[in-house]
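Okay, so here's the structure we're looking at.
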Amino acid sequence: MNEKRYVVVIDGGGTKSQLDIYNESMEVECSIKGLFANFSVDASTSRTHLEQLLDQANLKIPSVMWKRVVLGVSGIQTYPSIDSLKQQLTETYSTSISIITDLELAKYAYLHEDGLLVIAGTGSVAIGKRLGQTLSVGGWGHILGDEGSAYSLSIRYLKQLIQRYDAGLKLTQTDTDIIQFLGISDVQSLKQVVYSGSKDRVAAISKKLSEHLIHEEVKNIFIDEARSFANQVNHLVRRLGFDRQVPVKFMGSLLESSVLFKDSFVEALMQEGYSVIENISSTQVTIGGYYLDKELM
């Protein structure tokens, strides 16, 4: 008889997903990368991507040996069929299923003690924990506002590009490069990219823009978005009653890919008097599922 001793954890985000299988010693036995899983953008496709990851994991380590599956998925709180998904996965893999948001997964991974965790990736959010109370600032999504995120930064630039176009001004070399990067032939096609395309495609513009930081306009967008993100930290600190000595942990693809954004963010925090600032790796988020399993035992 196979002993159930593995915890399978998926960190599902707006651009990609990561599955890790943990043994009882908190070591990763197997890792699998997958496609996006954001239920607030495309629930059906996200569900398919999760199932594909779990099927691949089942081939690596049979599900009869799984103790629990933890899904930390972006936008899952908006999905009306969580119960049916949980029931289906329970029946398919004959194991316990826990479904939480990707932010909750990060909280389990990094907020074991009082402090702040701020994430700037495709979207952005700041999470704080103090004396058992947990609050978040931001994380409203790309429509209501995700200041300090790759998506917000990209949209901000596209708006400036459109303003030049509407004013009849000549497009800059950066404008032309972005249009080519998106694989479109004219500015009018931006509407299709933003309104009908994937969120990650828009967010990816930020990486291309990082190649054009010699231009003041582009540089200022990165700096302003970083300062807006730092301001979210201030809001959270005030609401939780922390002082500026509170430890701040930060992570996310934008902070990892853009030195200017990261440096501007850290500088803005230091100017406000914060001193305990730690950059942590996004690749370790799935460990939150391991800790959740221990809590539920």
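The values are calculated or read from the model by the stated rules, or taken from the named source; none is laboratory data. Just so it is clear, the structure is predicted and the values come from calculations on it, not from any experiment. Neighbour counts run over all protein chains shown; Cβ positions are idealised from the backbone, glycine included.
If you check every pair at least six apart or on different chains, which have Cβ atoms under 7 Å apart with a residue in region 159-170 that is assigned by TED's automatic domain parsing to the domain that holds Ser206 and closer than 16 Å to Leu209 by Cα first and a residue that is surrounded by 10 or more Cβ atoms within 10 Å (Cβ to Cβ) and not aliphatic (A, V, I, L, M) second?
Once the first residue is assigned by TED's automatic domain parsing to the domain that holds Ser206 and closer than 16 Å to Leu209 by Cα and sits in region 159-170, its partners that are surrounded by 10 or more Cβ atoms within 10 Å (Cβ to Cβ) and not aliphatic (A, V, I, L, M) give Gln160/Glu217; Leu161/Asp175.
Checking the structure you have, find out if any residue of region 127-138 is hydroxyl-bearing (Ser, Thr, Tyr) and either outside any helix (DSSP H, G or I) or touching an Asp or Glu at 6+ places or on another chain (Cβ under 7 Å) (or both). Working first, answer last.
Residues of region 127-138 hydroxyl-bearing (Ser, Thr, Tyr): 134, 136.
After this cut, where a residue has to be either outside any helix (DSSP H, G or I) or touching an Asp or Glu at 6+ places or on another chain (Cβ under 7 Å) (or both) as well, the list is 134, 136.
Checked region 127-138: at least one residue is hydroxyl-bearing (Ser, Thr, Tyr) and either outside any helix (DSSP H, G or I) or touching an Asp or Glu at 6+ places or on another chain (Cβ under 7 Å) (or both).
Spot the failing condition for Trp66; the list is (1) touching a Gly at 6+ places or on another chain (Cβ under 9 Å); (2) buried (at least 16 other Cβ atoms within 10 Å of the Cβ); (3) over 30 Å from Val194 (Cα atoms), and only one is missed.
(1)
Considering Val193, Val202, Val137, which residue is in contact with a strand residue (DSSP E or B) (Cβ under 9 Å, 6 or more places away or on another chain), surrounded by 15 or more Cβ atoms within 10 Å (Cβ to Cβ) and closer than 28 Å to Phe39 by Cα?
Numbers: Val193 fails: in contact with a strand residue (DSSP E or B) (Cβ under 9 Å, 6 or more places away or on another chain); Val202 fails: in contact with a strand residue (DSSP E or B) (Cβ under 9 Å, 6 or more places away or on another chain).
Answer to the selection: Val137.
Rundown of residues vs (1) basic (Lys, Arg); (2) within 19 Å of Ser152 (Cα to Cα); (3) surrounded by 22 or more Cβ atoms within 10 Å (Cβ to Cβ), yes/no style:
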| position | (1), (2), (3) |
| --- | --- |
| Gln245 | no, no, no |
| Glu256 | no, yes, no |
| Lys262 | yes, yes, no |
| Ser282 | no, no, no |
| Thr286 | no, no, yes |
| Asp293 | no, no, no |
| Leu296 | no, no, no |
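Determine whether region 27-42 contains at least one residue that is without any contact (Cβ under 8 Å) to a residue 60 or more places away in the chain, within 14 Å of Tyr290 (Cα to Cα) and out of contact with any strand residue (DSSP E or B) (no Cβ under 8 Å at 6 or more places or on another chain).
Scanning region 27-42, I find at least one residue that is without any contact (Cβ under 8 Å) to a residue 60 or more places away in the chain, within 14 Å of Tyr290 (Cα to Cα) and out of contact with any strand residue (DSSP E or B) (no Cβ under 8 Å at 6 or more places or on another chain), so the answer is yes.
Does Leu103 satisfy the condition of being surrounded by fewer than 16 Cβ atoms within 10 Å (Cβ to Cβ) and farther than 17 Å from Leu209 by Cβ? Lay out the reasoning, then the answer.
Values: surrounded by fewer than 16 Cβ atoms within 10 Å (Cβ to Cβ): no; farther than 17 Å from Leu209 by Cβ: yes.
It is false that Leu103 is surrounded by fewer than 16 Cβ atoms within 10 Å (Cβ to Cβ) and farther than 17 Å from Leu209 by Cβ.
Check whether at least one residue in region 145-167 is part of a loop (DSSP other than H, G, I, E, B) and more than 30 Å from Gln77 (Cα to Cα), and report yes or no. Step through it out loud before you land on a result.
Looking only at region 145-167, we keep the residues that are part of a loop (DSSP other than H, G, I, E, B), and these are 145-149, 167.
Subsequent filtering for residues that are more than 30 Å from Gln77 (Cα to Cα) retains 167.
Yes, because at least one residue in region 145-167 is part of a loop (DSSP other than H, G, I, E, B) and more than 30 Å from Gln77 (Cα to Cα).
Can you name every residue in region 76-117 that is among the β-branched types (Val, Ile, Thr) and at pLDDT below 95? Even if it seems obvious, please write down each step before you answer.
Narrowing region 76-117 to residues among the β-branched types (Val, Ile, Thr): 76, 78, 82, 90, 92, 95, 97, 99-101.
Listed by number, the residues that qualify are Ile76, Thr78, Ile82, Thr101.
So which residues in region 97-108 are in contact (Cβ under 8 Å) with a residue 60 or more places away in the chain and farther than 14 Å from Thr134 by Cβ?
Initially, region 97-108 is screened for residues in contact (Cβ under 8 Å) with a residue 60 or more places away in the chain, giving 98, 100, 102, 104-108.
Across region 97-108, the qualifying residues are Ser98, Asp102.
Spot the failing condition for Asp243; the list is (1) without any contact (Cβ under 8 Å) to a residue 40 or more places away in the chain; (2) within 20 Å of the chain's Cα centre (by Cα), and only one is missed.
Evaluating Asp243 over (1) without any contact (Cβ under 8 Å) to a residue 40 or more places away in the chain; (2) within 20 Å of the chain's Cα centre (by Cα) leaves (2) as the failure.
Within region 132-151, can one find any residue that is in contact with a Lys or Arg (Cβ under 7 Å, 6 or more places away or on another chain), of a type in the set (A, V, I, L, M) and assigned by TED's automatic domain parsing to the domain that holds Asp42?
No; the residues of region 132-151 include none that is in contact with a Lys or Arg (Cβ under 7 Å, 6 or more places away or on another chain), of a type in the set (A, V, I, L, M) and assigned by TED's automatic domain parsing to the domain that holds Asp42.
When the residues of region 69-85 are filtered to those that are under 21 Å from Gly14 (Cα atoms) and of a type outside the set (A, V, I, L, M, F, W, C), which remaining residue is surrounded by the fewest Cβ atoms within 10 Å (Cβ to Cβ)?
Step one: of region 69-85, the residues under 21 Å from Gly14 (Cα atoms) are 69-82, 85.
This time we only want the ones that are of a type outside the set (A, V, I, L, M, F, W, C), so: 72, 74-75, 77-81.
Working: Gly72: 30, Ser74: 29, Gly75: 22, Gln77: 14, Thr78: 14, Tyr79: 17, Pro80: 8, Ser81: 12.
Only one residue tops the list, namely Pro80.
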